[in-house]
Amino acid sequence: MKSTTRTLATAVLTGVAAAVGAAAPAVAAGTVPVPVPLDGVEKSLNVSLPKVGGELPVLTPGVPEGPRYAEGQMLPASTLPQVPMGAALPGLSAEAPLSQVVGKGFDEAGVSVPAADLRTLTPGLSVDTPLTAPKSEVFGLPTLKEPQAAVLTPLLQTAPTGVLGLGSM
C-alpha cells in the first residue's frame, strides 16, 4: 500500500473515530444539545440579544414483554404487546439581557427548563377467539363462546421542572 493511501485511510479512520466519540456522550445522556447561534446578529447590529439553547430527546425503544399464555385461551394474553419507550421531554434555556429596568444588580432574566425523563408504554391489544379449548365431552372439538377484546392503555410518566430568575447570570 502506498504511503498516500495509508495517510488517507488513517485520516478517514481518525475522523470517523472522532465523530463516533463526540456522538456517544449525547446518546448516553438521552438528549442532544441544540444551541441557537445569534452571535452574528449580535455583532452586526451591535445589540445584546438573548442566549437561547435547547435539548432534543433521543428516542430509545425498549424490549416488549413476551407472550403470556393463559389457561383456557387459544391466543396469548397480550396479542399485541406494549412496547416501552424511553426518552426525555425537550429542554429549553434562555437568558435575556435587561437594561437596568428592575434595578441595580439585575442584569439578566433567565429561564431554564431542563430535559425531564419520560417513560412511556405504547398501547397494546389483547384478544381471544370465539372458540374454547378442545373439550373431551364433545369429542375433542372446541365450542363457541363470546369473543373478547381489550385495549391495553398507554402509559406516560414524567416530572418536568423549571427555574426562572433575575440577576447577574
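The values are calculated or read from the model by the stated rules, or taken from the named source; none is laboratory data. No experiment lies behind these values; they were computed from the predicted model shown. Cβ sites come from the backbone with ideal geometry, for glycine too, and all protein chains shown count toward neighbours.
Once segment 50-64 is narrowed to residues that are more than 17 Å from the chain's Cα centre (by Cα) and at pLDDT 85 or above, the residue that is farthest from GLY30 (Cα to Cα) is LYS51. If only residues of segment 47-96 that are of a type in the set (Ser, Thr, Tyr) and under 25 Å from LEU155 (Cα atoms) are counted, the one that is surrounded by the fewest Cβ atoms within 10 Å (Cβ to Cβ) is TYR69. When segment 134-160 is limited to residues that are under 30 Å from GLU95 (Cα atoms) and surrounded by 10 or more Cβ atoms within 10 Å (Cβ to Cβ), the one that is farthest from the chain's Cα centre (by Cα) turns out to be PRO160. One residue stands out in segment 31-49 among those that are part of a loop (DSSP other than H, G, I, E, B) and within 30 Å of the chain's Cα centre (by Cα): the one that is farthest from ALA87 (Cα to Cα), namely LEU38.
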